[in-house]
Amino acid sequence: MLFKLFLLFIVVPLAELALLLILAHETHWLVSLGLVVFSGLLGAWLARGQGIAALRRIRDTMTEGHVPTDPLLDAALIFFAGAMLLTPGVLTDLFGISIMIPRCRRWYKTQLINWFKRSFRVQLTASSFAPSDPNVVDSYVVDCEEKPNGDE
């Protein structure tokens, strides 16, 4: 886990900086600046349009009486993509734009869902749901040891 955080907070920003410096050296520093500003504006525009569409799908799904799991995951990915597009750099902008494209986002969602299935296990028991008698409160008692001075 520490290595992944190292990559995220050290290697990725250094790679972004190196790419921007190489681009500025090969072209002109205004090209690098323009690319960062343009991708930020494009990202804001895409995030707004895709976000509004995702919110509309959430509302429509809830109106139909279903849990909006797929539209909520879309909205979370769009929010994440917007953050990537606001981060100055070439790599994060390309990654953010790829998430904004619906076909690519479906692939990312599939990969994310598969990762969740591999990484987490949810177990529900019958006691997790409402008891058969509405007057019964399902609970359990935890035995706490007394403190040495007798205080609780």
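Bear in mind these aren't lab numbers, they're just calculated from the coordinates by the rules spelled out. Being a predicted model, the structure only gives us computed values, none of them experimental. Here the Cβ positions follow ideal geometry from the backbone for every residue, glycine too, while neighbour counts run over all protein chains shown.
I need the calculated FRET efficiency for the pair L41 and S98, taking r as the beta carbon distance and R₀ as 22 Å, to the nearest 0.05. Once the sixth-power term is evaluated, E becomes 0.80. Only alpha carbons enter this Debye calculation for segment 34-118, each as an equal point scatterer, and the log10 of I(q)/I(0) it gives at q = 0.14, 0.16, 0.24, 0.26 Å⁻¹ is -0.49, -0.62, -1.09, -1.19. Each of M100, M62, M1 was scored by other Cβ atoms within 10 Å of its Cβ. Listed from fewest to most, they are M1, M62, M100. The fewest-to-most ranking of I58, I101, I52, I78 by surrounding Cβ atoms within 10 Å reads I52, I101, I58, I78.
Each residue, K117 and F6, gets one label point 7 Å from its Cα in the Cβ direction; the gap between the two is 3.3 nm.
I'd like the FRET efficiency for L91 and R57, computed as 1/(1 + (r/R0)^6) with the beta carbon distance as r and R0 of 22 Å, rounded to 0.05.
Values: r = 29 Å, r/R0 = 1.32.
So, using R0 = 22 Å, E works out to roughly 0.15.
Label-to-label distance for L21 and L72 is 4.4 nm, based on points extended 7 Å past Cα in the beta-carbon direction.
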